[in-house]
Amino acid sequence: MGPSVVGSVEMPVETHEPGESGSAIAVRMLGPLTIGRGAAVLKLPPSQKVRALFAYLALAHNPVTRSQLCELLWDVPNDPRGELRWCLSKIRGVIDDREKQRVITDGDTVRLDLSDCVADVALVARSVQDGLGAEPPERLRTLAKHFRGDFLEDVDIDRSHAFNNWLTAQRRRFRAYHTAILEHAVQAMPEDEAVTYLDRWLELAPFDQRVHDILLNSLARRNRIREGEEHVIATTRLFEAEGLDATPIRTLWKAARAQAESGSERPVVAVSELAADQSAGQDIAAVGMGRRASIAVMPFAESAVVTGSGGALAHDVITRLAKLRSLFVIAQGTVFVLHERGIASNVAGRMLNVDYVVSGSMQRTDDRITVAVELAETRTARIVWAEVFSRKPDDAFLVLDEIGNRIVASIASEIETIERNRAILRPPNSLNAWESYHRGLWHMYRFSKADNERARHFFEMAIRLDPTFSRAHAGLSFTHFQNAFQGWTRRGPEIDRAYEAAGQSLMADDRDPAAHWAMGRALWLRGQHDQSLVELAQSVDLSPNFALAHYNLAFVNSTGGDSQSAIQSSDRSRDLSPFDPMLFGMFGARAMALVRLGQFDEAAEWGIKAASRPNAFAHIKAIAAYSLALAGRRDEARAYLADIHKQLPGYAVKHLIAAMQFDAAGTIVFRTAEKQLKKE
């Protein structure tokens, strides 16, 4: 199955609506498959594979070989080509007539000629591609009526992995189209009529903050306060069940009620314009950044023989885009978490409220690597650029270069030359080195002694394969940092190793923001806080979207006493990567900064958020415990310490102070917290 078939809908059909054209054949696939001629609905064979074959051929814009079709639909039957011939004969019996043969076989290829037919999928896809913004309300009503259910709702083929992958991709695509049409219909219709479309939009995209924005404002304007309150409660429950922060929804409702009470009209705005309270602690970023376009790059789907490469490619594209500075790029940690949850790219784009989403796939045969990539507008579901790259394995990194360049050219047309604006980082010279590095990252973010050792092994493997790979040196420095910071091995030698590896990273590429990030962390370990801040600031200068550099600025400033800077950097790091594996640290740094400011109640809440993250370790839980103690919540604080003592029986405030290297003022305030816990 070629990736171009999955990635597009280009049926050669007429543009009028099904049923308009007298005796024309009308094909409906948005819901159960039906084929009609005029007012009559044609009887379809009961075979699921006949229906699946018809739909696949109908959407394919190139002839398909018989071998492809056999691999697609048959799980090694006795005679797959014979079964294929039988299915084609059944399709002929439905759509062929005396005037026209629509099933066309030419040698080993098969195609459908539907040039005189009308189909709902083609009408919807063409309207989306042409742009929904200019569509009049009556056209949007018609488009919305086409959706009687999911694409091919009544088709389900057992043991046909390739076909089911294709079917899933098409269902996701048409759900995205449906959502975009509903959103535009809501904006184009009178409020009373728009409510119907709003409800359907909410069903399809329950985590899209914009639909909640519009709904809550509609309820507030109509003084339906009780319904609004009930919606906020239900939505909060839904968001929290998925591990998402519902604070923006509550902020939206508060703003909507205030606006309604003032009696003034407010146009629909982006979530970022409403949820401006930085202290609210959003887990979903409000990423509207004024003049800058926002983008999320999802990990590329991959076949079993290229496992790990799809994530590596997505990471490389993210890095290149981040270097452009004109773009707001969602960081790797967040999109990988969403991908692991099985969130589709279009759904992720709406959850993150970004303008564009990049998605794609990687496949490898004996002599070729094929990469399909597309850039889509989140709110319209319109594909603005798509390409398929096919290279020999020894040209794999040229594919990465091309993808980075083409994406940049598509979303930033003002850039006169792609080469001038290419990202700092280049992929390593060996695919094995690249994949070894990403395997190391996987272990690194587990924050256990055993996984840290595995991460060190993979980073060293990457360095052996490519000594110039600066990010592998930076990753190796991180593992030594963890050994020292967590007390897993002797502190002194590990500090020296962290510093040495960071130096090697800088020597390999001193323009790599990760190299300066690693050096900043190593210098902090050595007690050189001022020099650490210089290196971390350089990392941010090189790549303003590098979330980890912002986080570590927050960390160093929170331990050193510059609390306001720490809070700003913590907020920025979370905006860039709201689902980051280091989110516990971003929360924890903010909590420590608030402790230093004497804002103990707020610090306790942020400490709880930090400790609730699945990869939070002892020091993070200790921040929560001592923040709670300072806030007078001693029973909760003792519960957190009891949890720590299950793993580390002798843990005390002195261990936190030693790990964080607090200055005198920080040491005093956390020792005060310990004294609070000794009170009855």
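Where a number appears in this text, it was derived from the coordinates with a stated rule and is not lab data. These figures come from a predicted structure and were not determined experimentally. Methodologically, a virtual Cβ is constructed for each residue, glycine included, from the backbone with ideal geometry; neighbour enumeration extends over all protein chains shown.
Computed values, structure above
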read-out	value
MET507 paired with ALA234, simple spin-label distance in nm, labels 7 Å along Cα-to-beta-carbon	6.3 nm
Leading residue at positive end of dipole, the stretch 459-599 (Cβ point charges), from ALA462, TRP488, SER563	TRP488
Pairwise label distance in nanometres, ASP635 with ASP158, each label 7 Å out on the Cα-Cβ vector	5.6 nm
Placed amide H near GLU153: partners under 5 Å, 5+ positions off or other chain	GLY31, LEU33
Highest average packing first - 187-196, 92-101, Cβ atoms within 10 Å	187-196, 92-101
30 Å Cα-Cα threshold exceeded, pairs from LYS254/LYS678; LYS646/LYS675; LYS449/LYS679; LYS609/LYS678; LYS90/LYS392; LYS254/LYS621	LYS254/LYS678; LYS449/LYS679; LYS90/LYS392; LYS254/LYS621
Relative contact order [Cα under 8 Å, 6+ residues apart], the stretch 135-200, whole percent	38 percent
Projected label distance in nm at SER612 and THR142, using a 7 Å step from Cα toward the beta-carbon	4.9 nm
Extension reserve of the ARG490-LEU648 stretch, reckoned as 0.36 nm per residue once the Cα distance is removed	55.2 nm
Using a Förster distance of 25 Å, the FRET efficiency for SER67-ARG368 (Cβ separation, nearest 0.05)	0.90
Added length on full extension, which subtracts the Cα-Cα distance from 0.36 nm per residue, LEU677 to ASP113	195.2 nm
Residue-wise HN-Hα coupling along the stretch 132-137, computed from phi with Karplus coefficients 6.51, -1.76, 1.60 (Hz; x: Gly, Pro)	8, x, 8, 6, x, x
Distance between the stretch 566-618 and the stretch 154-225 - C-alpha centres, whole angstrom	34 Å
Exposure proxy ranking, count of Cβ atoms within 10 Å, fewest first, for HIS619, HIS457, HIS161	HIS161, HIS457, HIS619
Hz values of 3J(HN,Hα) by residue in the stretch 120-129 - Karplus curve (6.51, -1.76, 1.60), Gly and Pro given as x	4, 5, 5, 4, 5, 4, 5, 5, 5, 5
Segment GLU193-THR168, extension gain: residue separation times 0.36 nm, minus the distance between their alpha carbons	5.8 nm
FRET efficiency, ALA537 to ALA39 (Cβ-Cβ, R0 56 Å, nearest 0.05)	0.20
Relative contact order (%) - criterion: Cα under 8 Å, at least six apart; region: the stretch 3-170	36 percent
At R0 = 25 Å, FRET efficiency that the Cβ-Cβ distance of GLU227 and SER262 yields, to 0.05	0.80
